[in-house]
Amino acid sequence: MRSWNWAENQCPGSGTSGSAAPAVVDHRASAALNTPASRRHAGQDHAKRAVFDLDGTLVDRRSAVLETIGQIVQAAPNATAPPEELVTLWWTLEARHMRGCLAGQCSFAEHHRRRLRSFLPMLGEPVPERPGLLDAWIAERYLTVFEKSWRCYPGVQPCLETLKRLLLEYFEAVLTPTELGTAKPAAYTTACQRMRNDPAQAVNVGDMLESDVNAAALAGLTGIWLDHGIDFVTRGPSPTADETVLRIERLTDLPDRPSRTNA
């Protein structure tokens with residue numbers, strides 16, 4: 001299989017339509033790059049937009065979650081299970097309820113509430129009946145620590161610096177399914193409409209094979225899989241991808257030459 005060359009398909013043209021910046025569509029948020037007017041190179045249209053997943057792609061969300069839940073568990077005197085079991089439970093609940101959120105079965109806030117209703121008894125704490133109290137727990141005890149624990153992956157800045165030279169700027173917009181009013185894969189279509197870009201001329205970069213790469217492909221974008229070598233939820237090996245999926249192992253590979261999974 002041929003490899004896909006970012007430099008060939010993402011070189012900015014000589015037109016003036018739009019600044020060159022990124023947009024994002026994650027189940028939490030995403031960011032997108034926009035190039036100037038397209039021109040043809042080697043007989044192909046240039047991609048005008050690059051969409052980046054946020055969590056697990058630009059930001060090391062897994063480490064932030066582990067640090068946050070670790071602190072919460074250590075501060076829980078009435079916990080009914082060892083810390084390592086409670087951390088595993090949090091990941092299991094996330095996998096279960098995030099699927100429903102991504103499928104449009106519940107809002108992002110409700111997916112947090114559902115997770116918390118199962119988690120709090122194991123933490124030895126009562127479960128509030130009012131959704132607002134569950135939201136407050138997430139905001140005050142989870143998000144305050146979680147957001148302080150955010151760290152970009154080492155390859156993010158070099159990747160974006162290289163793309164900046166190709167595309168002139170960084171991110172043009174940060175978009176969420178809540179803001180867009182739809183879940184993936186329709187969120188990708190809506191994001192492209194919002195950014196006035198043809199999905200066929202956009203790529204989406206993400207670490208989740210189904211929700212970032214395959215879902216983007218269903219919406220007409222080209223999906224690029226950032227394969228960390230480990231499944232984000234199960235902590236087992238990465239899932240098996242179709243041989244046609246474009247795959248990179250680090251973001252610094254992106255401006256150069258991401259390859260097909262069987263290349």
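The values are calculated or read from the model by the stated rules, or taken from the named source; none is laboratory data. This one's a predicted model, so the numbers in the text were calculated from it and none came from an experiment. We place every Cβ from the backbone using ideal geometry, glycine too, and count neighbours over all the protein chains shown. Side chains are part of the model used for accessible areas, which takes the heavy atoms of the whole protein and leaves out ligands, DNA and RNA. Shrake-Rupley method; radii C 1.70, N 1.55, O 1.52, S 1.80 Å.
Key figures for this structure:
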| quantity | calculated |
| --- | --- |
| Residues (of a type in the set (S, T, N, Q), over 26 Å from GLU249 (Cβ atoms) and not in a helix (DSSP H, G or I)) located in region 184-205 | ASN197 |
| Qualifying residue in region 92-104 (condition: among the hydroxyl-bearing types (Ser, Thr, Tyr), farther than 16 Å from ALA183 by Cα, assigned to a helix (DSSP H, G or I) and open to solvent by 60 Å² or more (accessible area, probe 1.4 Å)) | yes |
| Residue list for region 128-160, restricted to those being part of a helix (DSSP H, G or I) and farther than 24 Å from ARG62 by Cβ | PRO131, GLY132, LEU133, ALA136 |
| Qualifying positions in region 110-127 - assigned to a helix (DSSP H, G or I), in contact (Cβ under 8 Å) with a residue 40 or more places away in the chain and open to solvent by less than 40 Å² (accessible area, probe 1.4 Å) | LEU123 |
| Residue in region 58-71 that is more than 21 Å from HIS228 (Cβ to Cβ), surrounded by 14 or more Cβ atoms within 10 Å (Cβ to Cβ) and modelled with pLDDT of 75 or more present | yes |
| Hits in region 144-172 - residues which are open to solvent by 50 Å² or more (accessible area, probe 1.4 Å) and modelled with pLDDT under 75 | LYS164, ARG165, LEU168, GLU169, TYR170, PHE171, GLU172 |
| Selection within region 219-258 - at pLDDT below 75, over 28 Å from ARG96 (Cβ atoms) and surrounded by fewer than 17 Cβ atoms within 10 Å (Cβ to Cβ) | ASP256, ARG257 |
| Residue list for region 177-208, restricted to those being modelled with pLDDT under 80 and buried (at least 18 other Cβ atoms within 10 Å of the Cβ) | PRO177, ALA183 |
